[in-house]
Amino acid sequence: MKKVTLKLNDLSCPSCMSKIQKAVSQQPGVSNAVVMFNAGKVKAEVDESQLAPEALGDVVSQLGYQVEKIIVKELINC
């Protein structure tokens, strides 16, 4: 599993937040998707056997939002 953080440039309204969260959450292999409106970030856990973590940036871009940065980290289970 990977922890993915997307930094967005143009998250401007709360309705945008729910639109993005719904689209990201519906992707195969995605869990715990959260959009942080004030921070302009999307965070999610991705099973890379089902979806390339970087593909979340494409999902958000297709909705019309600009992804400034994609950070992918290994999710460590304790």
**Report entry** Charged-residue dipole, Cβ positions (Lys, Arg, Asp, Glu), the chain about Cα centre, Debye nearest 20
**Finding:** 240 debye
Query - Gyration tensor (alpha-carbon) shape descriptor, the stretch 8-49, a/c threshold 1.5 - result: prolate
Query raised in the report: Considering the dipole of the chain built from charges on the beta carbon (Lys and Arg +1, Asp and Glu -1) around the Cα centre, which of 67, 13, 25 is farthest to its positive end?
Result: 13
**Report entry** Isotropic mean projected area of the C-alpha convex hull, the chain (nm²)
**Finding:** 4.7 nm²
Query raised in the report: Ignoring ligands, DNA and RNA, what percent of the 1.4 Å accessible area of the chain is carbon and sulfur?
Result: 49 percent
Report task. At 0.36 nm per residue, minus the direct Cα-Cα distance, what do residue 75 and residue 13 gain on full extension? Give it in nm, one decimal, please. Result -> 19.4 nm
Query raised in the report: Under the definition of Cα pairs under 8 Å and six or more residues apart, what whole-number percent is the relative contact order of the chain?
Result: 45 percent
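The values are calculated or read from the model by the stated rules, or taken from the named source; none is laboratory data. Computed from a predicted structure; not experimentally measured. Every residue, glycine among them, receives a Cβ derived from its backbone with ideal geometry; neighbour counts consider all protein chains shown. Quick note on the areas: whole protein, heavy atoms, side chains included, nothing else; ligands and nucleic acids left out. Shrake-Rupley method; radii C 1.70, N 1.55, O 1.52, S 1.80 Å.
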